[in-house]
Amino acid sequence: MSSINELTTLQAEIRTCRRCLEEGYWIAPGPVLSGGPAARVMLIGQAPGITEAQVKRPFNAGSGRRLFQWLGQAGWDETDFRARAYMTAVTKCYPGRSNSGQGDRVATPFEQALCRPWLEQELKLIEPRLLILVGGLAIKLLYPPAARLNEIIGTAAYFPLEALNDPLNFDLSQATIVTSEQGVLTGHSPAGRYIVPLPHPSGASLWPNKPENKGLIDQALGLLAHIRTVNEL
Ligand code: SF4
């Protein structure tokens, strides 16, 4: 089966998935993802919000405005990015509001585990050259739970080609940490994979608004711009 057929089949299976409901978790059924097999950039968010679930479009609303302002700073036009990149999430269905009423519910580790096989199959089919992890749940795919945003935002992890024999390799010890644009240029095969973390762009998240953190986001976007240019992404 060609990769386009495999991906089409996979996406059709994902879109009918109701695993979380069947296990007793409240979610709005209807997973949200987008993109085709030619994508070289993959963006993984945490979970869709209510408007994303309604229109089945990742990062459709407020968070998307800030995300695409950031990606624009790195040189991507939103329409072009949406057309060429693969956009998915750690959990792909809207999880509802949190009990506190402050923002959306964070999917439980069990729900994340239920959804993980879908993400792994997407990664195997897309094999992205650049993976952008947006928000805490996505960042934890690679970084230890105790990692602090101000230690990792503004850096990239580079996995050489040999580390990607396993396309699901999230072993940080096998990556080189890049902290400057010069680090992107020197000796990195375009066949490797960069992974770049970004904070959650939700207006409810205070972290991006702190002056000391804006510089780290600028640094991350500078790295992304450089990776995009060097690898023609
Ligand atoms: S969040 Fe993932 S595992 Fe849960 S129902 Fe949606 S697609 Fe299925």
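So which residues in the stretch 83-115 are under 22 Å from residue 6 (Cβ atoms) and either more than 13 Å from the ligand (Cβ to nearest atom) or without any contact (Cβ under 8 Å) to a residue 12 or more places away in the chain (or both), if there are any at all? 83, 84, 85, 86, 87 - these are the residues of the stretch 83-115 that are under 22 Å from residue 6 (Cβ atoms) and either more than 13 Å from the ligand (Cβ to nearest atom) or without any contact (Cβ under 8 Å) to a residue 12 or more places away in the chain (or both). Can you work out which of the residues in the stretch 116-144 that are within 19 Å of residue 49 (Cβ to Cβ) and among the β-branched types (Val, Ile, Thr) is nearest to the ligand (Cβ to nearest atom)? Restricting to residues being within 19 Å of residue 49 (Cβ to Cβ) and among the β-branched types (Val, Ile, Thr), the top hit is 134. Of the residues in the stretch 74-92, at least one is touching a helix residue (DSSP H, G or I) at 6+ places or on another chain (Cβ under 9 Å) and farther than 30 Å from residue 14 by Cα. Residue 157 meets each of the listed conditions (1) within 16 Å of the ligand (Cβ to nearest atom); (2) open to solvent by less than 10 Å² (accessible area, probe 1.4 Å); (3) not in a loop (DSSP other than H, G, I, E, B) apart from (1).
I need the helices (runs of 4 or more DSSP H) fully contained in the stretch 1-63, keeping only those with at least 1 residues that are over 15 Å from the mean Cα position of the chain (by Cα) and more than 15 Å from the ligand (Cβ to nearest atom). Steps first, answer last, please.
Details: elements: 3-15, 19-22, 50-55.
Ranges flagged: 3-15, 50-55.
The values are calculated or read from the model by the stated rules, or taken from the named source; none is laboratory data. Predicted, not measured: the structure shown is a model, and the values here were computed from it. Because the Cβ atoms are built from the backbone with ideal geometry, glycine has one as well, and the counts that use them run over all protein chains shown. These area figures cover heavy atoms from the full protein model, side chains too; ligands, DNA and RNA do not enter into them. Shrake-Rupley method; radii C 1.70, N 1.55, O 1.52, S 1.80 Å.
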